[in-house]
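Undergrad: Before I ask anything, here is the structure I am working with.
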Amino acid sequence: MKSVLYGRFKRFIYEIDQLTRFSVKMFLSMFGRPIYVSETMEQLYLVGVGSLFLVVLTGIFVGQGMALQLNNEMAEMGSKFYLGRIMAISIIREIGPILTGLMVAARVAAGITAEIGSMKSSHQLDAMVAFGIDPIRKLAAPRLIALMVMVPVLTIICDIIAILGGWFIAIVVANITSATYFSMVLDRLTFGNIFMGVLKPVVFAYVIAFISCYKGFTTSGGTKGVGRSTNESVMISSVVILIVNFVLTRVVWSLLKGSL
Amino acid sequence: MIKFENISFGYNDHKVLDGVSFDIPDGESRVIMGPSGSGKSTILRLILGLDCPWSGKIFIDGLNICGMKLRDMQKIRKQIAMVFQDGALFDSMTVGENVGFYLLEYSDKKGSEIEDEVREMLHFVDLDPDIIDTLPEELSGGMRRRVAVARALLSTNPRLMLFDEPTTGLDPQATENVLNLMIKLREVKNISVIIVTHQIADALKLTSKYIVIRKGLVVFDGNIDQLRDCDSSEMSDFLAPFKKSIVEVVNKKIV
Ligand SMILES: Nc1ncnc2c1ncn2[C@@H]1O[C@H](COP(=O)(O)OP(=O)(O)OP(=O)(O)O)[C@@H](O)[C@H]1O
Ligand SMILES: [Mg+2]
């Protein structure tokens, strides 16, 4: 019994050790040479353009839905002029980053894990290593960079679209003037809010890249194994995004209380 | 140049090599033989540092590669060209990008120059150079194997080439071409070749020195004449099917 527990514990420590090493290696790979420019460009395109439609669609519908719900409540309390304010805060700080993060995780993480995983299972990674090439630098770094750039950009697009969706509801359903709505929105575009709204997607990007690449590089068990890691990659990165989101909210909140 | 010292290695809990030792001096070549599953491919993986031995030491140019820094290891790997048993072609790259992989990664040559070299190499392994833009999945098994060989041969300036059954599944003409190219490379550039194959006769054109692996051990290390005369009990059943071709080969050599 004791030895079983000890074995498990050792296994756990080993896993943590591997994860940390991989994470550090991956982070450093962004700065080292050689820089794979064309791979990075391709990934920027795949991540950015590939997820754009999904993010825009989500933004429109969630923005409108939220505005409709909030409008009803706020009208009852006689504070519907503040709709823009509430929309700006909730979208920029929480909804935009979370939605974009989850959408990109679903759209991109699966692809990355499946691609790297099947390269691993058909010995293509070994072949790359045999050529003296570091697969982390060649495969992981371009994806990490692309995600770090594109997730914040997509988040900002999602924010804008969702706020515009709210604006549509504001003028059509709630009878608030555009000027009121947007002045309220602008009022909440403070440093703290924008900082939180941009910091989150950067961290989410790292989470997605790290988990999906790690799962790809550690795939074993043939085609079935690739399927399993792909599933896990999407599931784990989604859950981790939600947890990290909460932690970030707490931390940034307590650090920047004054400017939020 | 390559020295295995008492190497033990396995996958998970399954031990494959159990105290393997051999020494291949600079510029010399070897044929590695042995029954299926005896660990021939594993030895090639160990030389490339793709796996680390459980115990024992591997020296390349006098340096112990086990536990070596990645950067140093990469320098060594750049001097080694390998043909994997299953080809391991990059399946999302075209044939041209596969064959020209080394040049695209490491040389400053222009795209058109690389393309010329790739076409020449494809022609050399008896492939139609116009397949340069197709994907590996559109090729037949034998064609893929030749692309894999071409990719390894186009690595500039390797000092050591590892071939894992490079001619299995090739027609005689292509086999001839590949072997001739290996011979040429070995003679002109003084490249060592380690080749895993079951075709003793073909391999003899490259080198007359053989290593036979069995049950995790080196059971034979010597030249073809010794192999013919070898009558150890461990070897006889494995060698029986080859006896005829060995004798043939030895006789031909004498003639
Ligand atoms: N990735 C792996 N995981 C687990 N076991 C493996 C793995 N690769 C090889 N083995 C096992 O190691 C042993 C040696 O394999 P290896 O591929 O080196 O044999 P081989 O001599 O090249 O055989 P063949 O002539 O069939 O190519 C086999 O028993 C095989 O089952
Ligand atoms: Mg093999």
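Undergrad: How about the stretch A:26-44: which of its residues are surrounded by fewer than 16 Cβ atoms within 10 Å (Cβ to Cβ) and in a helix (DSSP H, G or I)?
TA: Listed by number, the residues that qualify are A:Phe27, A:Leu28, A:Val37, A:Ser38, A:Met41, A:Glu42.
Undergrad: If you don't mind, another one. Go through the stretch B:133-142 and give me each residue that's touching a helix residue (DSSP H, G or I) at 6+ places or on another chain (Cβ under 9 Å) and modelled with pLDDT under 85.
TA: Within the stretch B:133-142, B:Gly142 is the sole residue that qualifies.
Undergrad: What strands (runs of 3 or more DSSP E) completely inside the stretch B:151-255 contain at least 1 residues that are modelled with pLDDT of 75 or more, in contact with a helix residue (DSSP H, G or I) (Cβ under 9 Å, 6 or more places away or on another chain) and charged (D, E, K, R)?
TA: The strands (runs of 3 or more DSSP E) meeting that bar are B:160-164, B:209-214.
Undergrad: Right, here's the next one. Report whether or not B:Asp108 is within 16 Å of ligand 1 (Cβ to nearest atom) and either free of Cβ contacts under 8 Å to residues at least 24 places away in the same chain or among the polar types (S, T, N, Q) (or both).
TA: Answer is no for this residue.
Undergrad: Next question, about the same structure. Among the residues of the stretch B:21-71 satisfying the criterion of being basic (Lys, Arg) and part of a helix (DSSP H, G or I), which is farthest from ligand 2 (Cβ to nearest atom)?
TA: In this case the residue turns out to be B:Arg71.
Undergrad: Take B:Thr134 and tell me if it is farther than 27 Å from A:Pro34 by Cα and either more than 22 Å from the chain's Cα centre (by Cα) or within 14 Å of chain A (Cβ to nearest Cβ) (or both).
TA: Yes; evaluated as a whole, the condition is true for this residue.
Undergrad: Buried (at least 21 other Cβ atoms within 10 Å of the Cβ) and not small (Gly, Ala, Ser), is that true of B:Leu44?
TA: Yes: the conditions hold for B:Leu44.
Undergrad: Right, next: Scan the helices (runs of 4 or more DSSP H) fully inside the stretch A:63-149 and keep the ones with 2 or more residues being within 12 Å of chain B (Cβ to nearest Cβ).
TA: A:110-121, A:124-130
Undergrad: Also, quick follow-up: Consider only pairs whose beta carbons are under 8 Å apart and that are at least six residues apart or on different chains; among these, list those whose first residue lies in the stretch B:32-56 and is among the basic types (Lys, Arg) and whose second residue is within 14 Å of ligand 2 (Cβ to nearest atom).
TA: Qualifying pairs under 8 Å: B:Lys40/B:Ile32; B:Lys40/B:Met33; B:Lys40/B:Gly34; B:Lys40/B:Asp164; B:Lys40/B:Val196; B:Lys40/B:Ile213; B:Arg45/A:Asp126; B:Arg45/B:Asp51.
Undergrad: How many of the residues making up the stretch B:69-105 are of a type outside the set (S, T, N, Q) and within 16 Å of ligand 1 (Cβ to nearest atom)?
TA: Selection size over the stretch B:69-105: 6.
Undergrad: Could you tell me which of the residues A:Leu52, A:Leu46 is within 14 Å of chain B (Cβ to nearest Cβ) and in contact (Cβ under 8 Å) with a residue 24 or more places away in the chain?
TA: Only one candidate qualifies: A:Leu46.
Undergrad: Here is a list of conditions, (1) within 16 Å of ligand 2 (Cβ to nearest atom); (2) surrounded by 12 or more Cβ atoms within 10 Å (Cβ to Cβ); (3) farther than 19 Å from B:Ile195 by Cα, and B:Lys15 meets all of them except one; can you say which number that is?
TA: (1)
Undergrad: Filtering the stretch B:186-216 down to residues that are closer than 18 Å to B:Arg145 by Cβ and away from ligand 1 (no atom under 16 Å from the Cβ), which residue is surrounded by the fewest Cβ atoms within 10 Å (Cβ to Cβ)?
TA: Restricting to residues being closer than 18 Å to B:Arg145 by Cβ and away from ligand 1 (no atom under 16 Å from the Cβ), the top hit is B:Leu206.
Undergrad: Could you tell me whether the stretch B:186-194 includes any residue that is of a type in the set (Gly, Ala, Ser) and over 15 Å from the mean Cα position of the chain (by Cα)?
TA: No; the residues of the stretch B:186-194 include none that is of a type in the set (Gly, Ala, Ser) and over 15 Å from the mean Cα position of the chain (by Cα).
Undergrad: Right, next: Just need a number here: residues in the stretch B:59-92 that are more than 14 Å from every other protein chain (Cβ to nearest Cβ) and buried (at least 22 other Cβ atoms within 10 Å of the Cβ).
TA: So the count comes out to 0.
Undergrad: Continuing with the same structure: Out of (1) surrounded by 21 or more Cβ atoms within 10 Å (Cβ to Cβ); (2) away from ligand 2 (no atom under 16 Å from the Cβ), the odd one out for B:Lys109 is which?
TA: Status for B:Lys109: all satisfied but (1).
The values are calculated or read from the model by the stated rules, or taken from the named source; none is laboratory data. The structure presented is a predicted model; accordingly, all values stated were derived computationally and were not measured. When we count neighbours, we look across all protein chains shown, and the Cβ atoms used for this are built from the backbone with ideal geometry, even at glycine.
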